[in-house]
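Reviewing the structure listed below.
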Amino acid sequence: MKGDRVEIVVDAGGTTRTYEISATRAGRRVEITHGRGIVEVTESTRGGTAVRTARFMSGRVVALVEHPAPRPAQADDAAVRHLPHSA
C-alpha cells in the first residue's frame, strides 16, 4: 500500500548506513525476501512487476524495520471491551 516503507540498516565497516525503500504509488507494495546470503527488498506493482530492487549481503544487515502506512479506522471497528480481572 502507498506509504508502506522498509528501513534497512547496513554495517559499512565501522559505521552504519541506512537505506529506505517505500511504496511510492497506490497499489504498490514492498516485499522482503532473503536467502543464500542475500536480503532483497523490492517495490512491486499489483501485477508483481518489480519497480525498484535493493540487494544487501545478509551478513552486513544490522536491522530491517518495516513501517506500515497508517490505516484509517473502518466503520465496523468496534471499541475493545476489557474483560474483568478474576481474583
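Values quoted throughout were computed directly from the atomic coordinates according to the rules given, and no laboratory measurement underlies them. For clarity, every value in this text was computed on a predicted model and none was experimentally measured. Positions of Cβ are backbone-derived with ideal geometry, glycine not excepted, and every protein chain shown enters the neighbour counts.
Things to note:
- Cα-centre dipole for region 30-80 with unit charges at Cβ (Lys and Arg positive, Asp and Glu negative), debye to 20: 340
- Using Cβ point charges alone (K and R +1, D and E -1), the dipole size of region 1-61 about the Cα centre works out to roughly 220 debye.
- Vicinal HN-Hα couplings computed from phi for region 12-28 (Karplus, 6.51 cos²θ - 1.76 cosθ + 1.60; Hz; Gly/Pro x): 10, x, x, 9, 10, 10, 10, 10, 9, 10, 9, 7, 8, 10, 4, x, 8
- Residue order, fewest to most beta carbons within 10 Å, for Ile38, Ile21: Ile38, Ile21
- The chain: C-alpha gyration tensor shape, a/c 1.5 cut-off, then a/b vs b/c: oblate
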